[in-house]
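Visitor: One structure, as structure tokens, below. Some questions next.
The values are calculated or read from the model by the stated rules, or taken from the named source; none is laboratory data. Quick caveat: nothing in here was measured; it's all calculated off a predicted structure. Neighbour counts run over all protein chains shown; Cβ positions are idealised from the backbone, glycine included. SASA here: full protein model, heavy atoms, side chains in, ligands and nucleic acids out. Shrake-Rupley method; radii C 1.70, N 1.55, O 1.52, S 1.80 Å.
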Amino acid sequence: MATTSPNLKPGGPKEAAIPFWRDVRILGVIGQVIFIALVLMGLGWLIANFIENSAIQGLQLGFEFINTTAAFDIAEGIAYESTDTFGRALWVGLVNTIRVSIIGIILTTILGLVTGIARLSNHWLISKIATIYVETIRNIPLPVQLFFIYFGVVLKLPSVRNSVQPFGWPVYLNQRGVALPSLVATASFPIWLAFVVLAVILVLVLWLLQTWQEEKTGKSINKIGSSIVAFLLVVGIGWWVTTNFSSNQAIMVASSRKITSFDDFEKIYLVKIDKDALQELGVDRTTVDRLTSTDAVAALRAEFEAQLEAIEPEEVEEEAVPEAQAAGGTAENGAEGSGNAAANDEGTDEAVSEEEGAEPVVSEATAAQIDVLESRLDVLNDPAIIVCALEGTPAAANAASQLRQRNVPIDDESERTMARAAAAYADGDCDLLTGTEAELAAQRAILEEPDQHEIVPIDAAPLIVSIPAPSGFNIQGGTKLSPEFFALLAGLVIYTGAFASEIVRAGILAVSKGQSEAARALGLSEGQRLRLIVLPQALRVIIPPMTSQYLNLTKNSSLAIAIGYPDLVAVGNTVLNQSGYAVQVVIIFMISYLSLSLIISAFLNWYNKKVALVER
């Protein structure tokens with residue numbers, strides 16, 4: 001029987017402890033502590049040095065200046081007045097930066113995805129166009145592109161009256177920027193949003209029940225179709241309920257007009273058209289007599305506009321006769337000096353004419369025809385219904401949308417305050433005043449003769465589509481992008497999209513070819529192969545480098561100062577110059593961009609974990 005020695009412990013001999021100065025783990029911790037201490041000491045020295053020098057120069061160190069009145073205007077952004085504080089001005093600049101960054105990230109993702117796929121296309125032309133775009137754009141500095149887009153493209157667009165309307169869409173490009181259709185939420189939108197949430201919950205419950213039924217019976221059920229029907233049914237009911245029973249909008253009109261809805265303004269517009277003036281301008285009586293509806297008037301207006309656009313100015317050679325040449329022609333002897341002087345003057349005049357790019361001269365007949373057509377259009381547009389409202393409100397958008405749907409031209413005279421809009425209505429400058437019922441009731445009570453005006457409730461959908469339309473020398477309705485915002489957004493998207501497309505291409509190429517071969521063997525189409533097999537696997541490669549591009553786009557938005565867009569840096573520089581708090585403003589820059597970068601990175605890291613492949 002085996003025995004153990006009484007002098008040996010069961011656990012064996014105890015190993016000798018390693019001294020801490022030889023323990024790699026402890027030495028690593030000590031090294032990190034020493035490094036952090038050195039960094040903190042360096043920062044402390046820099047801060048102490050800054051405080052000491054600031055005291056010597058008499059500079060203030062606090063952030064109290066953000067409560068000082070700014071006393072300067074900002075061209076665009078959220079609500080802001082020159083009497084607001086520096087803090088409010090910086091907030092406006094930050095919101096502008098966030099707005100262009102978010103929209104830019106979305107558009108860059110779309111452009112990068114499309115271009116990256118296009119580069120891998122089997123279609124030679126599409127692939128080469130995408131390649132040329134990428135290789136050209138990413139090798140041109142972003143500031144150069146911004147200058148070109150702003151000064152060479154946007155500012156060279158035609159005037160408002162000659163706005164470019166691509167493909168006949170309700171989109172207008174001109175020197176003042178871009179006008180696009182927009183959605184305007186009304187007071188009933190939160191109620192309708194509750195119906196949308198209810199519809200989503202119903203779809204989830206229905207999906208779970210049908211899944212359980214499939215597992216129980218073994219029979220397939222069209223879950224997608226039934227879910228779509230259920231969702232649309234609930235959302236449609238909510239739309240109808242909120243439109244007919246939750247609207248608080250109304251219009252105030254003269255009681256003598258006996259208006260009950262927007263349909264009555266069609267009759268008012270038709271009555272206001274001067275048909276005698278049309279006949280005097282050459283429109284035959286038969287055509288004038290057919291103007292019994294706004295649709296007929298709209299058709300006639302479109303016909304006049306088409307005729308006006310079809311007229312091409314007849315270029316006539318302009319014979320410049322300089323004064324010196326004329327003087328030389330009348331001289332009896334035609335002195336050689338006079339002839340030389342005339343020749344020199346003529347050459348100078350021709351050079352000036354070429355430099356200035358003088359407009360071609362039109363013949364008298366063409367000019368007369370243009371004047372007649374413009375006069376006819378004025379006769380049709382002058383009786384436009386004048387709408388007074390509070391600027392940017394759902395009531396103004398709803399009134400404009402309702403009238404334009406009936407082909408009734410409008411003249412939007414919105415004011416910044418309801419009191420000004422009501423004053424214009426009281427002076428007889430408007431055909432109607434629109435707003436909420438409470439607002440109109442308050443304004444009606446202070447009119448000299450309130451009984452001569454009535455408030456007519458109107459239905460308003462939860463969301464109103466505000467469509468831009470030309471009105472005189474301006475574009476009314478919709479949402480407007482300033483030239484600076486449009487140029488900055490286009491430059492950032494085009495530049496960053498070139499790098500994003502290469503990331504997408506690399507992600508797609510990283511997916512094994514066997515995956516595509518298996519998808520084709522299963523009979524999947526190319527679109528299904530890309531959408532269901534390739535892109536989901538490519539995301540794990542695409543997202544990390546794409547995060548860097550999103551951060552670059554956000555930080556590159558600071559170049560907006562080069563073209564005058566009031567982002568955080570542009571507004572901050574104005575604050576810095578007026579207040580003198582340079583260090584504090586730069587600290588605000590650093591904290592703002594650091595916060596935006598961390599938020600974007602945190603969100604994309606979370607999403608990256610969601611789409612990452614889970615290996616067993």
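Visitor: Please pick out the residue among Thr85, Thr69, Thr131, Thr108 that is of a type in the set (S, T, N, Q), open to solvent by less than 70 Å² (accessible area, probe 1.4 Å), more than 23 Å from Tyr593 (Cα to Cα) and touching a helix residue (DSSP H, G or I) at 6+ places or on another chain (Cβ under 9 Å).
Guide: Going through Thr85, Thr69, Thr131, Thr108 in turn, just one is of a type in the set (S, T, N, Q), open to solvent by less than 70 Å² (accessible area, probe 1.4 Å), more than 23 Å from Tyr593 (Cα to Cα) and touching a helix residue (DSSP H, G or I) at 6+ places or on another chain (Cβ under 9 Å): Thr131.
Visitor: Let me ask something else. With the requirement that a residue be open to solvent by 40 Å² or more (accessible area, probe 1.4 Å) and either touching a Leu at 6+ places or on another chain (Cβ under 8 Å) or touching a residue at least 24 places away in the same chain (Cβ under 8 Å) (or both), what does the stretch 587-607 give you?
Guide: Asn605, Tyr607
Visitor: From the list Glu391, Glu437, Glu415, which one is among the acidic types (Asp, Glu) and over 21 Å from Ser182 (Cα atoms)?
Guide: Matching residue, one of Glu391, Glu437, Glu415: Glu437.
Visitor: Do any helices (runs of 4 or more DSSP H) lying entirely in the stretch 297-414 carry at least 1 residues that are modelled with pLDDT of 85 or more and over 30 Å from Val283 (Cα atoms), and which ones are they?
Guide: 394-405
Visitor: Only one of Gly580, Gly572 is open to solvent by less than 30 Å² (accessible area, probe 1.4 Å) and not β-branched (Val, Ile, Thr); which?
Guide: None of the other options fit; the residue is Gly572.
Visitor: Can you list residue pairs whose Cβ atoms sit under 6 Å apart, with the first residue in the stretch 534-552 being under 13 Å from Gly497 (Cα atoms) and without any contact (Cβ under 8 Å) to a residue 60 or more places away in the chain and the second being assigned to a helix (DSSP H, G or I) and of a type in the set (Phe, Trp, Tyr)? Count only pairs 6 or more apart in sequence or on different chains.
Guide: From the stretch 534-552, no pairs qualify.
Visitor: Run Ile140 past the list (1) open to solvent by 70 Å² or more (accessible area, probe 1.4 Å); (2) at negative phi and report the number of the one that doesn't hold.
Guide: Every condition holds for Ile140 apart from (1).
Visitor: May I pose another question? Considering only residues that are of a type outside the set (Val, Ile, Thr), without any contact (Cβ under 8 Å) to a residue 24 or more places away in the chain and either under 30 Å from Glu437 (Cα atoms) or not in a loop (DSSP other than H, G, I, E, B) (or both), which ones fall in the stretch 152-189?
Guide: Gly152, Lys156, Asn162, Pro166, Phe167, Gly168, Leu173
Visitor: Across the stretch 275-295, which residue is farthest from Ile370 (Cα to Cα) among those that are open to solvent by less than 30 Å² (accessible area, probe 1.4 Å) and of a type in the set (A, V, I, L, M, F, W, C)?
Guide: The qualifying residue farthest from Ile370 (Cα to Cα) is Leu291.
Visitor: How many of the residues in the stretch 43-66 are open to solvent by less than 60 Å² (accessible area, probe 1.4 Å), hydrophobic (A, V, I, L, M, F, W, C) and more than 17 Å from Val92 (Cβ to Cβ)?
Guide: 1
Per-residue answers, yes or no, for (1) closer than 30 Å to Ala423 by Cα; (2) under 37 Å from the mean Cα position of the chain (by Cα):
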residue	(1), (2)
Ser261	yes, yes
Val271	yes, no
Lys275	no, no
Leu278	no, no
Asp289	no, no
Ser293	no, yes
Ala296	no, yes
Ala299	no, yes
Glu305	no, yes
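Visitor: Taking Val241 as meeting all but one of (1) farther than 30 Å from Thr186 by Cα; (2) open to solvent by less than 80 Å² (accessible area, probe 1.4 Å); (3) assigned to a helix (DSSP H, G or I), write down the number of the exception.
Guide: Of (1) farther than 30 Å from Thr186 by Cα; (2) open to solvent by less than 80 Å² (accessible area, probe 1.4 Å); (3) assigned to a helix (DSSP H, G or I), only one is false for Val241: (1).
Visitor: Within the stretch 500-616, which helices (runs of 4 or more DSSP H) (wholly inside it) include 3 or more residues that are under 30 Å from Glu484 (Cβ atoms)?
Guide: Answer list for the stretch 500-616: 535-556, 568-579, 582-611.
Visitor: Please count how many residues of the stretch 551-568 are open to solvent by less than 40 Å² (accessible area, probe 1.4 Å) and within 18 Å of the chain's Cα centre (by Cα).
Guide: Of the residues in the stretch 551-568, 10 are open to solvent by less than 40 Å² (accessible area, probe 1.4 Å) and within 18 Å of the chain's Cα centre (by Cα).
Visitor: What pairs come up if the first residue lies in the stretch 74-87 and is of a type in the set (Val, Ile, Thr), the second is in a loop (DSSP other than H, G, I, E, B) and surrounded by fewer than 16 Cβ atoms within 10 Å (Cβ to Cβ), and their beta carbons are under 9 Å apart, counting only those six or more places apart or on different chains?
Guide: Ile74/Ser82; Thr83/Ala71; Thr85/Thr68
Visitor: Within the stretch 455-474, does at least one residue satisfy the condition of being of a type outside the set (A, V, I, L, M, F, W, C), in contact with a strand residue (DSSP E or B) (Cβ under 6 Å, 6 or more places away or on another chain) and either in a loop (DSSP other than H, G, I, E, B) or without any contact (Cβ under 8 Å) to a residue 40 or more places away in the chain (or both)?
Guide: yes
One line per residue, one yes/no per condition, for (1) in contact with a helix residue (DSSP H, G or I) (Cβ under 6 Å, 6 or more places away or on another chain); (2) of a type outside the set (D, E, K, R); (3) at pLDDT 85 or above:
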position	(1), (2), (3)
Gly168	no, yes, no
Leu183	no, yes, yes
Val197	no, yes, yes
Trp212	no, yes, yes
Phe231	yes, yes, yes
Ala254	no, yes, yes
Glu266	yes, no, yes
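Table: residues versus (1) open to solvent by 50 Å² or more (accessible area, probe 1.4 Å); (2) under 27 Å from Asn244 (Cα atoms); (3) in contact with a strand residue (DSSP E or B) (Cβ under 7 Å, 6 or more places away or on another chain); (4) not in a helix (DSSP H, G or I).
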| residue | (1), (2), (3), (4) |
| --- | --- |
| Ala422 | no, yes, yes, no |
| Asp429 | yes, no, yes, yes |
| Glu439 | yes, yes, no, no |
| Arg444 | yes, yes, yes, no |
| Leu489 | no, no, no, no |
